[in-house]
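Encoded as structure tokens, the structure appears first; notes follow it.
Every number here is computed from the coordinates shown, using simple stated rules; none is lab data. Everything quoted here is computed from the prediction, not taken from an experiment. Cβ coordinates were reconstructed from backbone atoms using ideal geometry, including for glycine residues, and neighbour counts include every protein chain displayed.
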Amino acid sequence: MRMSSAVLVVGAGFAGAVLARELAEAGRTVRVIDRRPHIGGNAFDALNEHGERLHVYGPHLLHGEADSVAIRWLSRFTEWEPYEHRVRAVLADGRTTPLPVNRTTLEDVFGVELPTEESAKELLASEVVAGTPNNTDEFFLANVGPRLADIFFRPYTRKMWGVSPTQLEAAVGARLPVRWNRDDRYFTDSFQAMPKDGFTAMFERILDHPLISVSLGQSYGPDLDADVSHTFLSLPIDEYFGFRFGRLPYRSIRFETSSVSADQPATVINYTDTGIYTRCTQWDLIPNSGRRQDGQHTVTREIPCDAADNNNECYYPVRNSETLARYEQYEALAATEPNKTFIGRCGLFRYLDMVPCVNIHLRLAATFLGQQAQAVA
Ligand code: UDP
């Protein structure tokens with residue numbers, strides 16, 4: 001019997017949608033399922049009753065290099081609204097200051113004037129503890145030193161990840177740079193923009209192809225593999241294998257949405273203290289959002305928690321040497337199933353930003369199609 005060349009894609013987020021589109025354009029029939037009632041994965045956004053665009057799973061700010069394959073690819077499916085994201089952290093006395101740490105932040109914290117980049121560099125040099133960082137705490141010490149780490153990074157990281165920064169791989173802390181200039185943008189990439197009509201509309205266009213069918217509210221089960229040649233799975237790899245080597249830990253977030261009357265000083269305010277909240281987003285400061293008629297602003301505060309305490313909503317893989325060793329066991333098991341490929345944050349157990357995620361899955365689609373062509377030849 002000739003096996004169908006159809007493929008199943010489990011998960012309609014960035015990973016699954018990119019793969020689905022690429023495979024469909026190569027002539028493959030693609031069935032996409034998602035257990036949630038919507039497409040877009042954690043980038044899903046929707047207008048609320050006031051016409052503001054809310055990102056239902058927390059703020060997603062798109063940034064990358066303008067000439068990257070991913071940005072060019074996404075631009076086929078959306079127009080863009082230029083947007084440079086800014087974040088401010090609340091200090092103990094209630095003032096706010098720019099994040100990532102820049103020259104202004106150093107002045108605000110230490111109450112000094114730093115007229116030049118050189119003076120900021122000197123101040124930081126007197127704060128840092130030299131050494132090659134092996135974990136996120138050591139990264140903070142080497143990058144900003146203990147005083148700034150205690151204000152901005154150690155308490156936030158502990159509540160965000162539920163463990164000490166000493167128990168996280170250095171790459172987690174390394175996401176935030178330190179600047180000697182006064183650039184107060186959160187990202188410095190050459191391309192920073194929001195999809196004009198939101199992420200969900202962009203995903204609708206990506207998935208709008210005659211060879212793609214989408215079933216929402218549909219969980220994966222092995223019966224669905226029966227008439228496909230290959231399955232791409234974005235469900236957590238440990239869940240797929242029945243947690244046989246133990247759980248891979250994930251952090252999750254609970255969201256509290258409310259209304260405020262005054263504008264925040266930045267789209268996102270970070271609470272870097274030991275309280276329960278990590279950040280607060282004012283949605284109408286993102287330019288592809290509408291604004292309320294009543295002069296109020298909708299804001300969402302985030303409270304991190306373990307995925308196990310939040311219906312197994314897995315957002316952030318908790319990566320350290322122990323969990324990576326466990327992931328490798330699952331990865332080795334996955335290699336014994338040649339008709340399955342794990343994708344996305346949960347399938348790959350990786351902290352993936354949107355643009356790298358698109359790049360990785362475009363490459364994955366090309367590799368898959370190349371292998372298939374070779375097998376036929
Ligand atoms: N971080 C921190 N203080 C902050 C912001 C970030 O300590 O005010 C650390 C924290 O460990 C966090 C990591 O830097 O998980 C990455 O931050 P980012 O804003 O990139 O997180 P994301 O937007 O992916 O949640």
Q. Among the residues of the range 83-111 satisfying the criterion of being touching a residue at least 40 places away in the same chain (Cβ under 8 Å) and small (Gly, Ala, Ser), which is nearest to Arg185 (Cα to Cα)?
A. Ala89
Q: Determine if the range 117-126 includes at least one residue that is surrounded by fewer than 17 Cβ atoms within 10 Å (Cβ to Cβ), of a type in the set (Ser, Thr, Tyr) and more than 25 Å from Pro165 (Cβ to Cβ).
A: yes
Q.
Checking Ala149 against (1) under 26 Å from His85 (Cβ atoms); (2) crowded, with 17+ Cβ neighbours inside 10 Å; (3) touching a residue at least 40 places away in the same chain (Cβ under 8 Å), only one condition comes out false. Which one?
A. (3)
Q. Of all residues in the range 144-159, how many are under 20 Å from the mean Cα position of the chain (by Cα) and more than 8 Å from the ligand (Cβ to nearest atom)?
A. 2
Q. Under 23 Å from the mean Cα position of the chain (by Cα) and of a type in the set (Gly, Ala, Ser) - does that describe any residue in the range 120-141?
A. no
**Q.** Selection count where residues are away from the ligand (no atom under 16 Å from the Cβ) and in a helix (DSSP H, G or I), scope the range 331-347
**A.** 5
Q: Could you tell me which residue of the range 126-146 is farthest from Arg88 (Cα to Cα), considering only residues that are free of Cβ contacts under 8 Å to residues at least 24 places away in the same chain and not in a loop (DSSP other than H, G, I, E, B)?
A: Ser126
Q) Within the range 348-367, can you find the residues that are more than 17 Å from Glu65 (Cβ to Cβ), part of a helix (DSSP H, G or I) and among the hydrophobic types (A, V, I, L, M, F, W, C)? A) Leu348, Leu364, Ala365, Ala366
Q. Could you say whether any residue in the range 164-176 is touching a strand residue (DSSP E or B) at 6+ places or on another chain (Cβ under 9 Å) and in a strand (DSSP E or B)?
A. no
Q. Quick one: Ser164 ticks every box in (1) away from the ligand (no atom under 14 Å from the Cβ); (2) without any contact (Cβ under 8 Å) to a residue 40 or more places away in the chain; (3) among the small types (Gly, Ala, Ser) bar one, so which box is it?
A. (1)
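Could you check how many residues of the range 286-306 are within 16 Å of the ligand (Cβ to nearest atom) and out of contact with any Leu (no Cβ under 9 Å at 6 or more places or on another chain)? Quick ask: steps written out before the conclusion?
The first filter runs over the range 286-306 and keeps only residues within 16 Å of the ligand (Cβ to nearest atom), leaving 286, 300-306.
Okay, now just the ones that are also out of contact with any Leu (no Cβ under 9 Å at 6 or more places or on another chain), so 301-306.
Of the residues in that region, 6 qualify.
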Q.
For the list (1) touching a residue at least 24 places away in the same chain (Cβ under 8 Å); (2) part of a loop (DSSP other than H, G, I, E, B); (3) of a type outside the set (A, V, I, L, M, F, W, C), I need the number of the one condition that Thr188 fails.
A. (1)
